[in-house]
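Structure first, then comments.
The values are calculated or read from the model by the stated rules, or taken from the named source; none is laboratory data. From a predicted model like this one, the values you see are computed outputs, not experimental measurements. Note that we place each Cβ from the backbone using ideal geometry, even for glycine, and neighbour counts take in every protein chain shown.
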Amino acid sequence: MPIRQLPEQLINQIAAGEVVERPASVVKELLENSIDAGARRIEIELDAGGARLIRVRDDGAGIPGDELVLALSRHATSKIASLGDLESVSTLGFRGEALPSIASVSRFRIASRQPGAAHGYEVQAEDGRLGELRPSACAPGTEVEVRELFFNVPARRKFLRAERTEFGHVEELVRALSLVHPGLAITLVHNGRAALRLGALAADGDPRPRLSAALDAEFGAQAMLVDVAQAGMRVHGWIAPPTLSRAQADRQVLSVNQRPVRDRTIAHAVRQAYADVLFHGRHPAYVLHLELPTDAVDVNVHPAKSEVRLRESRLVHQFVMHAVAGRLAETRAGAVPSAPARYAPSMLSSEPTQGLLQVREVIGAYRSLYGTGSAAPNWSQGSPSAMSEPSPGSGSGAPADGPAEVPPLGYALAQVHGTFILAESARGLVLVDMHAAHERINYERMKGEREAGAVASQMLLVPHVLRVSAREADAAERHGERLRALGFELVRTGPDAVTLKRVPSAIGGTDVETLARDLLSDLVSRADAARLTEFENELLADVACRASVRANRRLTIHEMNALLREMEATERSGQCNHGRPTWVELSTAELDRMFLRGR
C-alpha cells in the first residue's frame, strides 16, 4: 500500500491501545486530571467493573467552556509548553493523549464548570466523533462519563477479564492513590454499593486510620514510620515489620514526587534492606514516598506514566536501602518502651512456694552479676512476707519496697522443653526462641566484626587438606582476602588442593571441613560482586546458625537473662536470620481474657 496519513479517529484508537488497557487505566487518567485540577473530593462510580460505566466527579478548578472541545484533541494540554517544562514535570498528567484516546473507544461525556461561573458546559463523543458544545447545570468541578468501553473495538473488549477482576484493579489503584494523596476525600461505588469511603486527612492528622482502611488494620497498627532526608532527596512513609511479610508483592505502594509508579531500582533497594529479616520468597509490605528534584526524574518513559527513569539510580538505590535498613535495625526485641513493674495480686502468693523462693534468689544473684540500680526488682533484700498479698490500700500489688523499672523482655523464670525461655516482663509474659535469638545476636556481631576489618578467628591445631576441583581451588586463591575477612584462611597447595588453616572462632567444634567444601562450591557459582556480597551475608548467617545454642541445651537462669539483655541491645533481634520471630509477648490483659478473668 502507498504511504498515507492515518485518519484522526484511527490515530486516537492506536493511542488508546497504549494508554487504555482496561477500566483501571481510564480511572487512573481521570483521577490524575482531577488531582492536577486541585480537587479535594473525588467520587468514582462503576458498573460491571467499569466495562459498562465509569463516572468520575471532582470539585476541582474545572475547564472553561471555550477549552472543553480542545481538551478532547490529541496533544492538547495546559501542563507543559516547552521542552524545559517536559524535563521538570511537576503534574501527574501532561501528555494530552488520555481524553481523546478514551473518547475514541467509548461513549463519552464530559461536563465542567468553573467555581463562580453561572453554569458549566458539556460535550459528548461517540466512536471519537465530537458532538456540539452546550450549556450544562453541573456542579462546580468536572464530571466525566465513560460508557461501554471498547464497544467499537470488539477485539479489545473480549480481552477484558471478569467483572470482579476488573473492579479489583480499580480498587487497588484507588487505594494506592489515596495513600499517596491523603488530603483527598475519595468515594468508590460499584454497582450502586459503596466499596470505599476515605475521608480527607488533615496535614497534622494521624495517618494510621487511612493506612488501615486502604491496606489492612494489621498494617495500620504495626507499620513503622520512615523519614530520612539527604543530598536533596527524601524518603518517607511506612514499612511493615518483617513479621507482616506477604506471599505476594500486593502491599507495596511507591510514589516518586507524588506519582504512583513501579520502579525496579527502588523495589530492589527495599528488598535488600529486608534481606536479613525475611523468609526466602516472602515480600515486604510498605508505603513509601520518594521526593527528588524534578529534573532528576524522567517521567516521559511510559505512555501510561506508570514508570519513571532516575538519572542517579545508583545513588537513589543506596539512599533508599540505607534509610529502610536503618529503620529495620531499630526493631530490637522488646523495643516497646518498658513500663514500671505492676504485679497483679493473682501473681503473688501469701505462702511463697519453693519455686518462688528460687526466683527471688536468682534475681538477687542477677543483680550482683549485672549491676544494681533500677535494673531489677529488689526482691533479694525482702523477707518472704514481702511477697504477700498487698494491703487493701496499696493498690498496685507491687513488692513491698515499691515498683522498679524492669527491662523490656523482663527476667527469665524457666526454660520450656529445652527450646524456649519463659520470662516475666512489666507488661506480661514473654516467650523467647533461644536458638533463633542467639542466631541473630551472633550474626549481627559477626557483621560488625567484618565491617571493622575481620571476623574473629582461630588457627586450627591440625590444618585440613582438602581435595577440590580446579575451579574451587582457583576461587580460593582469587578470593583469599575476602575469605580472610570472614574468618577463613584457605591456602591453595596444589592444582586441585587447598589447606584450611583458620576458621571463625564462633564455630569451633563443628564440622569445619564440610563447611569449607560448601563454601568453595558456593563461591564458584557467584560471579559478580553483588552476588558475592550476598554470599558473604549467607555465609555469616550459616556460621551464626552453627555457633548458636541448640535445642535441649539446659541454660542457667543467669545465661537466660544474659541472652535477654543481649537481645535488647542487638539490632533486628525481633527476627532470626531466616525471618522467623525470636520472641512473642502475651500481655496481662490477654492472659486475663484467655482465662475469662473479670467476667
Fill in the blank from the handout: Contact list, first residue from the stretch 450-463 and within 12 Å of residue 500 (Cα to Cα), second anywhere and assigned to a helix (DSSP H, G or I), beta-carbon distance below 7 Å, six or more apart or interchain, is 458/505
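Starting from residues that are among the acidic types (Asp, Glu) and free of Cβ contacts under 8 Å to residues at least 40 places away in the same chain, keep the ones in the stretch 536-576 and report whichever is farthest from residue 241 (Cα to Cα). Steps first, answer last, please.
Within the stretch 536-576, the subset among the acidic types (Asp, Glu) is 536, 538, 542, 559, 566, 568, 571.
Of the ones still in play, those that are also free of Cβ contacts under 8 Å to residues at least 40 places away in the same chain are 538, 542, 559.
Details: 538: 21, 542: 23, 559: 28 Å.
By that ranking, first place goes to 559.
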Handout entry: Meets criteria (under 30 Å from residue 249 (Cα atoms), at pLDDT 95 or above and out of contact with any Lys or Arg (no Cβ under 6 Å at 6 or more places or on another chain)) for residue 170
Key = yes
Fill in the blank from the handout: Scanning the stretch 193-230 for residues that are in contact (Cβ under 8 Å) with a residue 40 or more places away in the chain and of a type in the set (Gly, Ala, Ser), the one nearest to residue 241 (Cα to Cα) turns out to be 223
Handout entry: Pair list, Cβ < 7 Å and 6+ apart or interchain, from the stretch 112-136 residues that are under 11 Å from residue 62 (Cα atoms) to residues that are exposed (fewer than 14 other Cβ atoms within 10 Å of the Cβ)
Key = 113/119; 121/134; 121/135
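Conditions tested, residue by residue: (1) surrounded by fewer than 16 Cβ atoms within 10 Å (Cβ to Cβ); (2) in contact with a Phe, Trp or Tyr (Cβ under 6 Å, 6 or more places away or on another chain); (3) at positive phi.
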{"residue": "558", "(1), (2), (3)": "yes, no, no"}
{"residue": "566", "(1), (2), (3)": "no, no, no"}
{"residue": "569", "(1), (2), (3)": "yes, no, no"}
{"residue": "572", "(1), (2), (3)": "no, no, yes"}
{"residue": "576", "(1), (2), (3)": "no, no, no"}
{"residue": "582", "(1), (2), (3)": "no, no, no"}
{"residue": "587", "(1), (2), (3)": "yes, no, no"}
{"residue": "593", "(1), (2), (3)": "yes, no, no"}
{"residue": "599", "(1), (2), (3)": "yes, no, no"}
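Taking the criterion of being outside any strand (DSSP E or B), β-branched (Val, Ile, Thr), in contact with a strand residue (DSSP E or B) (Cβ under 9 Å, 6 or more places away or on another chain) and crowded, with 20+ Cβ neighbours inside 10 Å, would at least one residue in the stretch 176-199 satisfy it?
Let us first name the residues in the stretch 176-199 that are outside any strand (DSSP E or B), namely 176-184, 191-192, 199.
From the residues that got through so far, the ones that are β-branched (Val, Ile, Thr) too are 180.
When the remaining residues are screened for being in contact with a strand residue (DSSP E or B) (Cβ under 9 Å, 6 or more places away or on another chain), the result is 180.
Retained after the next criterion (residues that are crowded, with 20+ Cβ neighbours inside 10 Å): 180.
Scanning the stretch 176-199 turns up at least one residue that is outside any strand (DSSP E or B), β-branched (Val, Ile, Thr), in contact with a strand residue (DSSP E or B) (Cβ under 9 Å, 6 or more places away or on another chain) and crowded, with 20+ Cβ neighbours inside 10 Å.
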Handout entry: Complete set of residues in the stretch 36-76 that are among the small types (Gly, Ala, Ser) and either part of a strand (DSSP E or B) or over 25 Å from residue 117 (Cβ atoms) (or both)
Key = 48, 49, 50, 51
Problem - Options 468, 455, 512; residue that is hydrophobic (A, V, I, L, M, F, W, C) and farther than 22 Å from residue 443 by Cα - result: 468
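In the stretch 127-142, is there at least one residue being over 26 Å from residue 290 (Cβ atoms), assigned by TED's automatic domain parsing to the domain that holds residue 18 and within 38 Å of the chain's Cα centre (by Cα)? Steps first, answer last, please.
First, pick out the residues of the stretch 127-142 that are over 26 Å from residue 290 (Cβ atoms): 127-142.
Checking which are assigned by TED's automatic domain parsing to the domain that holds residue 18 leaves us with 127-142.
Right, trim to within 38 Å of the chain's Cα centre (by Cα) and you get 141-142.
Yes - at least one qualifying residue is present in the stretch 127-142.
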Practice task
Quick one: in the stretch 18-27, of everything that is closer than 18 Å to residue 72 by Cβ and either of a type outside the set (A, V, I, L, M, F, W, C) or in a loop (DSSP other than H, G, I, E, B) (or both), which residue is modelled with the lowest pLDDT?
Solution key: 18
Fill in the blank from the handout: Counting only residues that are touching a residue at least 24 places away in the same chain (Cβ under 8 Å), aliphatic (A, V, I, L, M) and within 22 Å of residue 39 (Cα to Cα), the stretch 137-163 contains a total of 3
Handout entry: Matching residues, the stretch 200-228, being part of a strand (DSSP E or B) and either over 13 Å from the mean Cα position of the chain (by Cα) or among the charged types (D, E, K, R) (or both)
Key = 227, 228
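Looking at 14, 3, can you tell me which residue is surrounded by fewer than 14 Cβ atoms within 10 Å (Cβ to Cβ), of a type in the set (A, V, I, L, M, F, W, C), modelled with pLDDT of 85 or more and out of contact with any helix residue (DSSP H, G or I) (no Cβ under 8 Å at 6 or more places or on another chain)?
Working: 14 fails: modelled with pLDDT of 85 or more.
Going through 14, 3 in turn, just one is surrounded by fewer than 14 Cβ atoms within 10 Å (Cβ to Cβ), of a type in the set (A, V, I, L, M, F, W, C), modelled with pLDDT of 85 or more and out of contact with any helix residue (DSSP H, G or I) (no Cβ under 8 Å at 6 or more places or on another chain): 3.
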Fill in the blank from the handout: Of the conditions (1) in contact with a strand residue (DSSP E or B) (Cβ under 7 Å, 6 or more places away or on another chain); (2) outside any helix (DSSP H, G or I), the single one that residue 473 does not satisfy is (2)
